[in-house]
Amino acid sequence: MKDSLKYALWIKTEAKRLGFNSIGISKAVFLEDEAPRMESYLQSGYQGNMAYLENHFDKRLDPTKLVEGAKSVISLSWNYFSEDVQPKDAPKLSRYAYGKDYHVVLKEKLFTLLAFIQERIGEVQGRVFTDSAPVMERAWAVRSGLGWIGKNGLLILPQQGSYFFLSEIILDLDLEPDNPIGSYCGNCRRCIDACPTQAITEARVLNASRCISYLTIELKDTIPAEFHSKLSERMFGCDICQEVCPWNRFSIIHNTSAFMPDKQLPEMKADDWYELTAESFKNLFKESPVQRAGFSKLKDTLQILKKNVSIY
Ligand code: SF4
Ligand code: SF4
């Protein structure tokens, strides 16, 4: 067996043992097809105030600018699917935010995998990424055969759905690449039709500046009035275009203790949220991705949701 195949098999076996669901490998080449797409996306202004998307354009497309002599990109997915644990009338958190911050949890796993590679194979240089640097995660995941980009812009894994965190390891090591698997949305357009803010302008094109995830997490200013009645009780993130996706009927509830919901979450009713104090925010979301929005932002959104309840 050639070394590149043998190493790929070792790495995949170890990644599975660590708890990753899917692992695929692609050649660390310049992302030629993505360059014009990325350019026209940025020109459209759909990125809203996420200026960081405009930075490091060359690094996003060329992995050798992130790791000198890069030869392979390993794409990995980690399941975070959970049932909706919140009471019916409560303002909703996106499911990925029920537990600890995935950046921290997954980085640890990735460093363990990188250490395994270096110990088993020898002098290998690499870097790990999970939504933390200019890496086009979905493009790499498609190339490495993990899944396809659905019309909602998310990566769909066959027989598993889309409730996954994505990560990558870029290495200066030759590994046997996998093949892309094709796209299986067919004629479905449930995500496009279900989006309350019409943020999916066409298949696979998301106007992030209209997306509830952006409005409730990234947008620093107050949410514009035109969206107030369309927030669909979402206070942090939005899962609607995943909830309607037929591929998510294959989702399996995860068993990662770090991503289990805080004990208080299923107890908290609408009024508890509206009365949230800075102190209780700190206790509830100590290690949570909700910190990205912060207390004032969450409180502002909750005020809008409270007003919606009294109006509608
Ligand atoms: S996350 Fe929500 S607002 Fe954003 S595209 Fe999906 S359904 Fe629309
Ligand atoms: S809802 Fe339908 S169109 Fe949208 S991502 Fe899922 S399968 Fe594709």
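Bear in mind these aren't lab numbers, they're just calculated from the coordinates by the rules spelled out. The shown structure was predicted, so the numbers you read here are calculated from the model rather than taken from an experiment. Note that we place each Cβ from the backbone using ideal geometry, even for glycine, and neighbour counts take in every protein chain shown.
Roughly speaking, what is the centre-to-centre gap between region 126-187 and region 17-69 when only Cα atoms are used, to the nearest Å?
So the two Cα centres are separated by 11 Å.
222 nm [θ] for the chain, helices only, -39500 (n - 2.57) per DSSP H run of 4+, per residue, to 500?
Computed ellipticity for the chain at 222 nm equals -9000 deg cm²/dmol.
Would you work out which of 173, 224, 162 lies farthest towards the positive end of the dipole of region 108-227? Charges go on Cβ: Lys and Arg +1, Asp and Glu -1.
Toward the positive end, the furthest listed residue is 224.
Taking Cα atoms, how many degrees apart are the long axis of helix 3-18 and the longest axis of the chain, rounded to 10 and kept between 0 and 90?
Approximately 30 degrees, to the nearest ten.
Report the residue, chosen from 276, 298, 113, that carries the largest GNM mean-square fluctuation when the chain is represented by alpha-carbon nodes joined by springs under 10 Å.
276
From the Cα gyration tensor of region 206-306, with a ≥ b ≥ c the square roots of its eigenvalues, which class applies: rounded if a/c is under 1.5, or else prolate if a/b is larger than b/c, or else oblate?
It is oblate, given that a/c is not under 1.5 and a/b is not larger than b/c.
Of the GluC sites (Glu not before Pro) in region 1-110, which ones lie in a loop per DSSP and count no more than 16 other C-beta atoms within 10 Å?
Here the sparse-neighbourhood loop sites are 32, 68, 83.
Identify the GluC sites (Glu not before Pro) of region 275-312 meeting these criteria: DSSP loop state and at most 11 other C-beta atoms within 10 Å of the C-beta.
275
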